[in-house]
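Let me begin by presenting the structure, written as structure tokens, before commenting on it.
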Amino acid sequence: MKEFSLNEHEYVLLCDLLKVMNFCDSGGQAKMVISEGAVKVNEEVELRKKCKIRAGNIVEFSGEQVLVLK
């Protein structure tokens, strides 16, 4: 499982997280895979592209998982 630190931020948008973690090549691709139901947040399919991902959330895409840390 990979980790992503929010540092001083309260949250990161789901589409931005997929791009920053190199799960997707672009923001447009990230939005597309989210809308297709290919992304899970805390084991639930998430369809909101701009879902706020906060510390403690686990995001899963294409067999990869990332734990968001504070």
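The values are calculated or read from the model by the stated rules, or taken from the named source; none is laboratory data. Remember, predicted model here, so these are calculated numbers, not experimental data. Virtual Cβ from ideal backbone geometry, glycine too; neighbours counted across all protein chains shown. What goes into the accessible areas is simple: the full protein's heavy atoms, side chains included, and nothing from ligands, DNA or RNA. Shrake-Rupley method; radii C 1.70, N 1.55, O 1.52, S 1.80 Å.
Surface exposure of the chain, expressed per residue as accessible area with a 1.4 Å probe, stands at 63 Å². Per-residue ellipticity at 222 nm, computed for the chain from helices alone with -39500 (n - 2.57) per DSSP H run of at least four residues, works out to -6000 deg cm²/dmol. Annotation: amide H-H contacts under 5 Å for residue 39 (H modelled 1.01 Å from N, sequence separation of 5 or more, or interchain): 46. Net charge of the neighbourhood of residue 28, taken over other residues with C-beta under 15 Å away and scored Lys/Arg +1, Asp/Glu -1, is +1. Cα-based values for region 15-70, radius of gyration first and Dmax second, are 9.9, 28 Å. Straight Cα distances below 12 angstrom link residue 40 to the aspartates and glutamates 60, 64, with same-chain residues fewer than 8 positions distant left out.
At full extension, residue 50 and residue 5 could sit 14.4 nm farther apart than now, given 0.36 nm per residue minus the alpha carbon distance.
Could you work out the relative contact order of the chain? I mean the mean sequence separation of Cα pairs under 8 Å and 6+ apart, divided by the number of residues, in percent.
On the way: 129 pairs, mean separation 28.1, N = 70.
After rounding, I find 40 percent.
Couplings for region 47-63, taken from phi via the Karplus curve 6.51 cos²θ - 1.76 cosθ + 1.60 with θ = phi - 60°, read 9, 7, 5, 9, 4, 7, 9, 10, 3, x, 6, 10, 10, 10, 8, 6, x Hz in order; Gly and Pro are left as x.
Please compute the length gained on full extension between residue 20 and residue 69, using 0.36 nm multiplied by the number of residues separating them and subtracting their Cα-Cα distance. Provide the component values of the computation, followed by the final result.
On the way: separation 49, 0.36 × 49 = 17.64 nm, distance 1.45 nm.
Length difference between fully extended and current span is 16.2 nm.
Taking other residues whose beta carbon is less than 15 angstrom from the beta carbon of residue 38, and scoring Lys, Arg as +1 and Asp, Glu as -1, yields -2. Other residues whose C-beta falls under 14 angstrom from the C-beta of residue 48 contribute a net charge of +2, scoring Lys and Arg +1 and Asp and Glu -1.
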